[in-house]
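One structure below.
The values are calculated or read from the model by the stated rules, or taken from the named source; none is laboratory data. Remember, predicted model here, so these are calculated numbers, not experimental data. Backbone-built Cβ (ideal geometry, glycine too); neighbour counts: all protein chains shown. Accessible surface is based on the protein model in full, side chains and every heavy atom, while ligands, DNA and RNA are left aside. Shrake-Rupley method; radii C 1.70, N 1.55, O 1.52, S 1.80 Å.
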Amino acid sequence: MKNTVFMLLLMLTLITSSLAQTRAAADILDEVNKIRAIDNHSHPLRVSKPGETDDEGDAIACGALEFVAPPPMRLRIDNPIYVGAWRELFGYVFEDMSEPHVRELLSKKYAVMAEKGEGYPAWVLDKLNIDVMLASRTAMGPGLVAPRFRWVSYGDPFLLPFSTKLARERNSDLKFFYSQEEKLFVRYLSDLQIRRLPADLDLYLKNVVTRTLETQKSKGSVAVKFVSAYYRTLDFAQASEKNVRAIYRKYKLGGEPTPGEYKEFQDFVFRYIVQESGRLGLAVHIHTGGGCGHYFNLKTANPILLEPFINEPKTRKTSIVLVHGGYPYTDETAFLLEKPNVHADFSAQTFLLSPQALSRVLRSWLEYEPEKVLFGTDASPATPEIGWEESAWLTSKVAREALAIALTEMVESGEITRARASELAKMVMRDNAAALYNIGK
C-alpha cells in the first residue's frame, strides 16, 4: 500500500512538473506581450490598388513553385487558430470557418484596408504591438515606409550574372529560383542604366555590386539578404582571385560556367558583398536551415558550414544574422552565437513549432548568448483570408508565448532572477535588434 501511494505521489509530481514546464507565468507572459517589438524578418505586402498584385514581397516566393507540398499543419488555411486572428484584427464574431462567415470576414477586411489606405500596414503593426518590421522584399512600396518598416534587400543576383540555363535543368525548383534571380538582376542593371556586364571583374564589383548596395542603403535598406541555400551550399570557401578574374572574362559575353567555376565565382563575390556591407553599415542576413520545395537540400543549408567563413578576420566587421536560426540545426546555431558578429532570429520556427517546442530552442540560446537572439515572425501572405497580417498575428503570438515559457522555466529553476527575466524579454523582443540596426530605443 505504501509503495502504491508513493508511486502515485511520484507520478503526480512528475505530471505537475511537466505541466509547469509548458506554461508561462501569467506575469511574465503579460510583460512580454506588452513589449513594442522589432520584427527581424517578414514579408509584408504593400498597399495596392484594386486589381493590382504585389509580386515584390519575396525574391523567391515559394507559393509559385511547380510542385508545392502541403504546408505544415499550423500554416494550413483550415487551422482554427486563425479565427483568433480574425477576431482580434477585424472583429470576427463567429467561432467557425464556414464559407459564408469567411466571405463576411473578407468584406470587413477589405473595408478596413479601404478606410486605412496607406496607413493599413502600420495599423496592423499596432494591432500586434510591433513597433518596427524589417521587410525582406525586392522593393518597398506604398504603406511600407520608415520608421515602421525597414527594408532588407537581396544580394543573390550579384552571385548569378552569367547564364544558368544548364543549372536550371537539374530540377523544377531550380528552374523557378534561377528565373526569379535573373529577373531581379536585370532590374538591378536597369536601375543603374547598365545594358551589359562591365568589361572586367573590378568594374563589375565597383559599378554593379557596390553602386547597387549604396543605392539601396540610400533608399532605406538596413540589411542584405541571401537565399543561397536554395540553389547552392552554404560552404563559401576561399577562392582564387586569379581564377575568378579568368572566369569573369570567359563568361561576361555569354556561356555558362561549370558548377565548379560558378561556385568559385560566387564564393569570391559573396565575400566582397559581405565586406562592402560592413563598410556601409548594412547587416547580412543569410537563410539557414530548412526551406520550401521538393528538392531543397537540408544538409547543405546547415549554418555550421558558414563557420570557416565567419572565422575570417575580414568578415568580423560585418554583422551576420542567421535567419530562421538554422532550424532544425538550432544547437549548431547556439554555438555560432558565440562568434562576436553573429546573431540569429527564430523566424519560421514561429509557425513550424508549438510555443512549447520553440521555448526549448529559445532557452538553449538564452543560456549561451542572450544578446544575439532576435524576435522574428517570417510573416508571409498565403491567401486573401490568411494574409501576412494573420501570419504575423499567429507567429507573434507563438513567439511571445514561447519566450515567456522559456523565461518562466529559467526563473523557476533558479538560473535567473525575475528582474533578469524582464531584461532578457526586452532584449529578445526589441533591444538586441535596436542595437544591431541602430533603431531608436
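Are any residues in region 397-434 touching a residue at least 40 places away in the same chain (Cβ under 8 Å), over 14 Å from ASP30 (Cα atoms) and out of contact with any Lys or Arg (no Cβ under 8 Å at 6 or more places or on another chain), and if so, which ones? Result: GLU412, GLU415, LEU424, MET427, VAL428, ALA433. Looking at GLN349, GLN356, just one residue is open to solvent by 10 Å² or more (accessible area, probe 1.4 Å) and touching a residue at least 12 places away in the same chain (Cβ under 8 Å), and that residue is GLN356. Among the residues examined, GLU332 does not qualify as free of Cβ contacts under 8 Å to residues at least 60 places away in the same chain and open to solvent by less than 40 Å² (accessible area, probe 1.4 Å).
Quick grid of which residues meet (1) open to solvent by less than 30 Å² (accessible area, probe 1.4 Å); (2) modelled with pLDDT of 95 or more; (3) within 23 Å of the chain's Cα centre (by Cα):
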site: GLU256; (1), (2), (3): no, yes, no
site: PRO259; (1), (2), (3): no, yes, no
site: LYS263; (1), (2), (3): no, yes, no
site: VAL269; (1), (2), (3): yes, yes, yes
site: ILE273; (1), (2), (3): yes, yes, yes
site: SER277; (1), (2), (3): yes, yes, yes
site: LEU280; (1), (2), (3): yes, yes, yes
site: GLY289; (1), (2), (3): yes, yes, yes
site: PHE296; (1), (2), (3): no, no, yes
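Scanning region 336-394 for residues that are among the aromatic types (Phe, Trp, Tyr) and farther than 15 Å from HIS324 by Cα returns TYR368, TRP388, TRP393.
Of the residues making up region 113-128, just one is exposed (fewer than 15 other Cβ atoms within 10 Å of the Cβ) and farther than 18 Å from SER48 by Cα, namely ASP126. Note on region 198-242: residues that are over 29 Å from TYR329 (Cβ atoms), open to solvent by 30 Å² or more (accessible area, probe 1.4 Å) and either touching a residue at least 40 places away in the same chain (Cβ under 8 Å) or more than 23 Å from the chain's Cα centre (by Cα) (or both) total 14. ILE77: touching a residue at least 24 places away in the same chain (Cβ under 8 Å), of a type in the set (Val, Ile, Thr) and touching a Phe, Trp or Tyr at 6+ places or on another chain (Cβ under 9 Å), yes or no? No, not satisfied. Criterion first (surrounded by 18 or more Cβ atoms within 10 Å (Cβ to Cβ) and in contact with a helix residue (DSSP H, G or I) (Cβ under 7 Å, 6 or more places away or on another chain)) does MET140 satisfy it? No, not satisfied.
For region 214-245, a residue qualifies if it is out of contact with any His (no Cβ under 6 Å at 6 or more places or on another chain) and more than 22 Å from LYS263 (Cα to Cα), and the qualifying residues are GLU214, THR215, GLN216, LYS217, SER218, LYS219, GLY220, SER221, VAL222. Within region 101-112, residues that are more than 19 Å from PRO80 (Cβ to Cβ) sit with their Cβ atoms under 8 Å from residues that are open to solvent by 30 Å² or more (accessible area, probe 1.4 Å) and modelled with pLDDT of 95 or more, at 6+ positions apart or across chains, in these pairs: VAL112/TRP123.
Within region 167-183, track down each residue that is among the small types (Gly, Ala, Ser) and either buried (at least 17 other Cβ atoms within 10 Å of the Cβ) or part of a loop (DSSP other than H, G, I, E, B) (or both).
As a first pass, look at region 167-183 and keep what is among the small types (Gly, Ala, Ser): 167, 172, 179.
Hit for region 167-183 is ALA167, nothing else.
For residues in region 88-112 being among the aliphatic types (A, V, I, L, M) and either touching a Pro at 6+ places or on another chain (Cβ under 9 Å) or closer than 20 Å to GLY376 by Cα (or both), which is most open to solvent (accessible area, probe 1.4 Å)? Once the filter is applied, the top-ranked residue is MET97. If you go through region 184-197 and pick out every residue that is without any contact (Cβ under 8 Å) to a residue 12 or more places away in the chain and either in contact with a Cys (Cβ under 6 Å, 6 or more places away or on another chain) or assigned to a helix (DSSP H, G or I) (or both), you end up with 2.
Selection of region 144-166 for residues being within 26 Å of the chain's Cα centre (by Cα) and assigned to a helix (DSSP H, G or I) yields ASP156, PRO157, PHE158, LEU159. One residue alone among THR318, THR300 is of a type in the set (Ser, Thr, Tyr) and buried (at least 21 other Cβ atoms within 10 Å of the Cβ), and that residue is THR318. As a summary of the residue check, LEU125 satisfies the conditions (1) out of contact with any Lys or Arg (no Cβ under 7 Å at 6 or more places or on another chain); (2) assigned to a helix (DSSP H, G or I) except for the one numbered (1).
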